[in-house]
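Each remark here refers to the structure printed beneath this line.
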Amino acid sequence: MSIQTLGFIGFGNLAKTLHHGFKDTLFKHNIRLLINSRSTPEDTSDLPDYVSKNTVLADSDVIVIAVKPQQLSSIMPELTAINWTNKCLVSLLAGVSLTTFKQTLPGLTHAFRVMPNTAAQFKQSMTTYSCLETTHSDYEMFITSLFSSLGSIVKIDESSMDFSTALCGSGPAFLFQLFQDMIELAEAEGFSTQQARLMINQIVTGVADSLNNRSESIPTLIKEICSPKGTTEAGLDSYQTNKLSDIWKTVFQTAKNRSEELSKNF
């Protein structure tokens with residue numbers, strides 16, 4: 001199966017990040033890129049083909065749906081007007097199931113639901129995906145190759161996609177908020193913003209490297225930092241007393257619930 005053209009419907013921040021990461025792979029395999037968005041940027045010099053929606057739909061072998069979930073209904077008439085038998089759909093939309101697309105789009109046989117995150121701009125995305133059982137293996141090889149160029153990719157059952165959206169898609173924002181709280185606390189203790197940012201950046205880098213390079217369990221890594229009746233133990237006691245574990249889990253569960261709610265709108 002020959003894949004010659006990749007098209008984007010919608011070109012917001014995430015799609016722009018993906019485009020930047022995909023460029024080398026697309027060039028290597030001589031795959032044409034078509035892009036459509038509701039707004040046309042003033043400078044399209046870095047965009048190979050900025051075209052109409054109908055052109056993307058007619059000429060693309062693989063079509064990435066990158067609009068906001070609430071915008072899907074506005075493009076459905078165009079999506080349902082084409083035959084999908086020999087095309088592949090890739091949805092980046094939170095809360096929209098493959099079953100929804102399968103039941104709506106005529107002839108849809110090859111389809112993916114993919115959840116990358118914005119770390120793709122540094123080729124550090126944690127991407128998860130699911131696909132229709134009828135999806136051709138050539139499309140799956142292409143999609144996994146494409147998104148592997150942006151970081152790590154894991155195939156999951158679609159029933160887990162709502163939680164994956166919360167964990168991998170929204171999770172970085174929750175961590176950023178935690179880091180911001182830590183920066184503000186450091187500033188309140190007299191550190192400059194620059195000093196606080198440097199310290200948080202290095203802590204995060206060190207923790208990430210430890211997780212990537214050590215095989216021990218996380219509780220073991222925590223225990224190594226603790227000393228009896230020391231500062232770390234005191235802080236962790238407060239963590240448990242204030243039920244921060246439950247609060248953190250609630251944050252992710254709330255995001256998962258919202259993804260489930262979105263799916264009921266389609």
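Any read-out appearing in this document is the output of simple, stated calculations on the displayed coordinates, not a laboratory observation. Owing to the predicted nature of the structure, the values given are computational and were not obtained by experimental measurement.
Things to note:
- Rg in Å to one decimal, and Dmax rounded to a whole Å, for the range 157-207 via C-alpha atoms: 14.7, 48
- Fraction in percent of alpha-carbon pairs per bin - 10 Å, the range 5-156: 11, 45, 38, 6, 0
- Relative contact order of the chain, defined on C-alpha pairs under 8 angstrom at six or more residues apart (%): 16
- Translational diffusion of the range 149-237, estimated by Stokes-Einstein from the Kirkwood radius over alpha carbon pairs at 10 °C in a medium of 1.306 mPa s, is 100 µm² per second.
- Phi angles of the range 130-136 translate, via the Karplus equation with coefficients 6.51, -1.76, 1.60 and θ = phi - 60°, into HN-Hα couplings of 9, 8, 5, 4, 7, 5, 5 Hz per residue; Gly and Pro are given as x.
- Each part reduced to its alpha carbon centroid, the range 97-113 and the range 135-156 end up 18 Å apart.
- P(r) of the range 88-218 over all Cα-Cα pairs, binned every 5 Å from zero, in whole percent: 2, 9, 15, 17, 16, 12, 10, 7, 5, 4, 2, 1, 0
- 21 Å Cα-Cα threshold exceeded, pairs from 123/155; 102/155; 28/155; 68/102; 16/256; 155/256: 28/155; 16/256
- Residues whose amide H lies under 5 Å from that of residue 91, counting only those 5 or more places away or on a different chain, are 65, 112, 113, 114; hydrogens are built 1.01 Å from N in the peptide plane.
- The chain, Rg to Rh (Cα coordinates; Rh as Kirkwood inverse mean 1/r): 1.04
- Rounded to 10°, Cα long-axis angle of helix 244-263 versus longest principal axis of the chain: 10
- Vicinal HN-Hα couplings computed from phi for the range 118-125 (Karplus, 6.51 cos²θ - 1.76 cosθ + 1.60; Hz; Gly/Pro x): 5, 5, 4, 5, 10, 6, 10, 6
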